[in-house]
Amino acid sequence: MVSAMARSGTLERRAAVVALLKDRGDLLVIAGLGSPAWDLHAAGDSDANFYLWGAMGSAALIGLGLAQAQPQKTVLALTGDGEQLMGLGGLATIAIAKPGNLVVAVIDNGHFGETGMQPSHTGRGLDLAAIAAACGFAETRTAHDLAGVESLRAALHAPAAGPRLFVIKVAAENPPRSLPPRDAVYLKNRFRARLGLPVN
């Protein structure tokens with residue numbers, strides 16, 4: 001029998017994301033579809049944020065592409081357990097590519113929050129950090145409290161030999177949505193401008 005703690009954590013997800021992004025500097029953040037995007041926006045909108053309004057399962061792989069294109073910058077792919085489960089094979093690709101400037105942070109509530117809060121695989125005991133480690137990630141960690149999240153934040157900008165995956169166990173809840181802009185062209189152009197690239 002899987003314990004209640006395995007199904008979800010006790011951390012409030014918005015507080016966890018705020019703690020992770022405190023003093024973020026020039027960190028580039030890709031936010032996955034749904035709750036991770038609402039969480040990122042609630043923590044503070046920025047032209048260094050790129051919100052995915054679609055492409056579920058792709059946040060970590062889009063983070064890979066960005067990390068390869070911007071090797072001097074740290075890239076954070078902020079995703080949920082449901083989305084990362086959809087993109088599970090992407091972890092193997094990321095591990096093989098070995099980007100030392102990519103961190104995947106999974107906000108794990110053990111549920112599929114966008115489709116009715118059904119228990120997810122992580123809510124039934126599957127360990128995404130262990131899967132990433134088996135794929136060959138340079139570092140994996142799981143945080144269950146704010147002290148653990150603060151430890152992850154301290155590691156976020158540290159040099160690494162390869163990609164890292166951090167799992168943050170949060171309570172199964174649906175806080176009010178904090179909606180970022182939906183205009184895809186606007187989001188693309190402001191992100192490109194942040195990177196010093198041409199916009200159109």
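The values are calculated or read from the model by the stated rules, or taken from the named source; none is laboratory data. Keep in mind that this is a model prediction, so the values were computed, not measured. Positions of Cβ are backbone-derived with ideal geometry, glycine not excepted, and every protein chain shown enters the neighbour counts.
Of the helices (runs of 4 or more DSSP H) lying entirely inside the range 41-97, those containing at least 3 residues that are under 20 Å from residue 186 (Cα atoms) and of a type in the set (A, V, I, L, M) span 59-69.
Hey, can you tell me all the residues within the range 141-200 that are aromatic (Phe, Trp, Tyr) and either at pLDDT below 95 or exposed (fewer than 14 other Cβ atoms within 10 Å of the Cβ) (or both)? Correct list: 186 only.
Answer with yes or no whether residue 61 is surrounded by fewer than 24 Cβ atoms within 10 Å (Cβ to Cβ), of a type outside the set (Asp, Glu) and at pLDDT 95 or above. Against the criterion (surrounded by fewer than 24 Cβ atoms within 10 Å (Cβ to Cβ), of a type outside the set (Asp, Glu) and at pLDDT 95 or above), residue 61 qualifies. Listed here are the helices (runs of 4 or more DSSP H) enclosed by the range 121-200 that have at least 2 residues being closer than 25 Å to residue 55 by Cα: 128-135, 184-194.
Taken together, 76, 11, 20 contain a single residue that is at pLDDT 95 or above, closer than 20 Å to residue 173 by Cα, aliphatic (A, V, I, L, M) and surrounded by 22 or more Cβ atoms within 10 Å (Cβ to Cβ), which is 20.
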